[in-house]
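Where a number appears in this text, it was derived from the coordinates with a stated rule and is not lab data. In this text, all values refer to a predicted model and were calculated from it rather than measured experimentally. Reconstructed Cβ throughout: ideal geometry from the backbone, glycine too, with neighbour counts over all protein chains shown.
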Amino acid sequence: MADFSWFGAGPIAGQTLRTFGAEVIRVESEAKMDGLRLGQPVPKNEDGTLKSGYNMSGYYNNFNAAKLSFQLNLNTEKGQEVAHRLIEKCDMFLTNFTPRVVKRWNLEWPHLKAINPRLIAAYQPMQGLEGPHRDFLGFGAVLTPVTGFTALSGFPERGPIGVGTNYPDYVINPGHTVVAMLAALRHRNKTGKGQLVELPQVESVVNVLGTAVADYLATGHVQVQDGNRSPIMAPHGAFRCADDPDSLDSEDRWVVIALRNDVLWRAVVDTIGGGAADPKFDTFEGRKAHEAELEALIGTWTRDRKAEDVMEALQSRGVPCGVVQNAQDMLDRDPHIRERGYYRYLDHADTGRSAYDGPAMVLSETPGELDAPAPLFGNDTMDVCERIIGMTSDEIADLMAEGVLM
C-alpha cells in the first residue's frame with residue numbers, strides 16, 4: 001500500500017492494515033514534513049534534555065510501526081512521475097491531504113485509475129472531495145466542534161471543552177477507512193476492478209454522536225453539555241476516591257459509575273448502605289429528581305476508599321464501574337492489560353526500547369503482528385526504488401542528485 005497521508009487519521013488506518021499483513025510504504029518529504037515526526041513526547045538524553053531529530057517522536061513512531069519510509073519530493077514533476085510508478089505497483093493508495101494538495105501533486109482519482117485500474121484509492125479529506133468546504137483544513141481538534149461533539153462536552157455552567165484528545169483521528173476515521181478499503185478489496189477480488197473510496201471525515205465522525213441528532217429530529221430538543229450525567233442513566237458520573245501517593249503527577253483518583261436500571265441500583269444499595277436505601281432513590285425517576293443529592297451520597301462513600309477497591313466491590317455485584325486510569329496505569333499498573341500483553345515493546349535505533357500499541361483486535365488464525373519499530377526517516381528509499389518500483393542504480397542516483405529522491 002502507498003501511504004501518502006500524514007498526522008493521524010491516515011497513518012493509523014495504514015497501521016491497522018500493516019499490522020495484519022500489508023506492506024505499507026510511507027511516502028514522506030522534508031518539503032512537507034509530517035508534523036508528528038517533530039512532535040512530542042520524545043526521549044531524554046542522559047543530562048535530562050530532550051532528544052531532537054526526525055526519528056524521536058513517540059507519537060509518530062507508535063502509529064507507523066513496521067512501515068517503510070520512502071522520501072520523495074512531490075513538488076517536482078519527476079517526483080510525481082515516481083509516485084505514479086509506485087502507485088502502479090500497489091494494491092492500495094491512501095491520503096488525507098486536502099483536495100487542493102492532492103490536485104497539485106497530480107494524485108486525483110482519474111489519474112491514478114488510468115495508471116492502475118485495479119487500485120483501491122482512499123481519500124480522507126476533512127469535508128469531502130466536493131462541496132463548499134472541500135478545501136477547509138482541520139485536525140481532530142477541529143472535527144470535534146464541527147461535528148457537534150464539543151457542544152455536548154463539559155458542564156452547563158462552563159463553556160464547551162471538547163473531548164481532551166483528537167478523538168476522531170484515533171478511532172472513528174481510521175476505523176471507517178479500513179472497513180471501506182476492505183469492502184473495496186472484496187469487490188475487486190470479485191470483479192477485478194478497483195475503485196475510489198471517499199471518506200469525508202466530518203461525515204464519518206457524526207456517525208457516533210449518539211442520540212443528539214435523533215433527539216432533535218424526533219422532539220426538536222437540542223442536547224447541550226451536561227457534565228457526566230446521562231439522560232437515561234442515574235447515577236452516571238465520576239466520583240472522587242482516596243488519593244494515591246504512588247500516582248505520578250497527580251494523586252487524584254476517581255471511579256466512574258454508570259447505572260442503567262433499578263436492579264443494579266439495589267446492588268449499589270447493598271454495597272454502600274446508609275442513605276442510599278432511602279425509597280426516593282428506588283426508581284430512575286426518583287434518582288434523576290434528586291441527582292445532586294444522590295451524587296453527593298455516593299461521593300461520600302467513595303471518598304476514603306481506594307479506587308480499585310470501589311471498582312472491585314461494585315463490579316462483583318454486576319454494577320458497571322471503572323477506575324479513571326492515566327497513562328501510568330495503562331502501561332504499568334493495570335493487571336488486566338498487562339496479562340493480555342496489549343502493549344508491544346520494540347527496539348528502535350534512535351529511541352531505544354519503547355512501547356507500541358498492539359493490535360486493536362485479535363484474530364484466531366491471523367492475529368496481527370508488530371515485527372519492527374517505526375522506520376527512520378527515509379530509511380527505505382533505496383529498497384522501494386529497486387525492489388518495488390524497479391529502478392536502476394543510475395536512475396536512482398540521478399533522481400537523488402536532482403532532489404527528487406532524498
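When +1 charges are put on Lys and Arg Cβ atoms and -1 charges on Asp and Glu Cβ atoms, the dipole computed for segment 236-333 relative to its Cα centre reaches about 420 debye.
The count of lysine pairs in the chain whose Cα atoms are under 17 Å apart, excluding pairs fewer than 8 places apart on the same chain, comes to 9. Taking the Kirkwood radius as Rh and the Cα radius of gyration as Rg, segment 236-333 has a ratio of Rg/Rh equal to 1.00.
All other residues whose Cβ lies under 12 angstrom from that of Asp304 are scored, Lys and Arg at +1 and Asp and Glu at -1, for a net of +3.
Grab the alpha carbons of the chain, take their convex hull, and tell me the volume per residue in Å³. Before the final figure, lay out the partial values.
Working: hull volume 75.5 nm³, N = 406.
It comes to 186 Å³ per residue, whole-number rounded.
For the chain, the longest principal axis of the Cα atoms and the long axis of helix 77-88 meet at an angle of about 70 degrees.
When the chain is described by a simple charge dipole with +1 on each Lys and Arg Cβ and -1 on each Asp and Glu Cβ, the residue from Cys385, Val197, Val319 located farthest towards its positive end is Val197.
Anisotropy class assigned to segment 20-154 is oblate, per the alpha carbon gyration tensor with a/c at or over the 1.5 cut-off and a/b no larger than b/c. Against the chain, whose longest principal axis comes from its Cα atoms, helix 9-19 is set at around 80 degrees. The GluC sites (Glu not before Pro) of segment 66-154 that DSSP puts in a loop, and whose beta carbon has at most 14 other beta carbons within 10 Å, are Glu130. Taking the Cα centre of segment 281-406 as reference, the dipole from Cβ charges on Lys and Arg (+1) and Asp and Glu (-1) amounts to some 840 debye.
In order along segment 100-105, the Karplus-derived 3J(HN,Hα) couplings, from 6.51 cos²θ - 1.76 cosθ + 1.60 at θ = phi - 60°, round to 5, 5, 4, 5, 4, 8 Hz, and Gly and Pro are given as x. Note that segment 349-359 has calculated 3J(HN,Hα) couplings of 4, 9, 9, x, 6, 9, 8, 10, 4, x, x Hz, one per residue in order, obtained from phi through the Karplus relation 6.51 cos²θ - 1.76 cosθ + 1.60 (θ = phi - 60°); glycine and proline are x. Think of each Lys and Arg Cβ as +1 and each Asp and Glu Cβ as -1; about the Cα centre, that makes the dipole of the chain roughly 1120 debye.
Relative to the longest principal axis of the Cα atoms of the chain, helix 291-302 runs at roughly 90 degrees.
Each of Gly58, His84, Ile272 was scored by the projection of its Cα onto the charge dipole of the chain, and the greatest displacement toward the positive side belongs to His84; charges sit on the C-beta of Lys, Arg, Asp and Glu. At a 10 Å Cβ-Cβ cut-off, how would you order Arg85, Arg158, fewest neighbours first? Starting with the residue having the fewest Cβ neighbours, the order is Arg158, Arg85.
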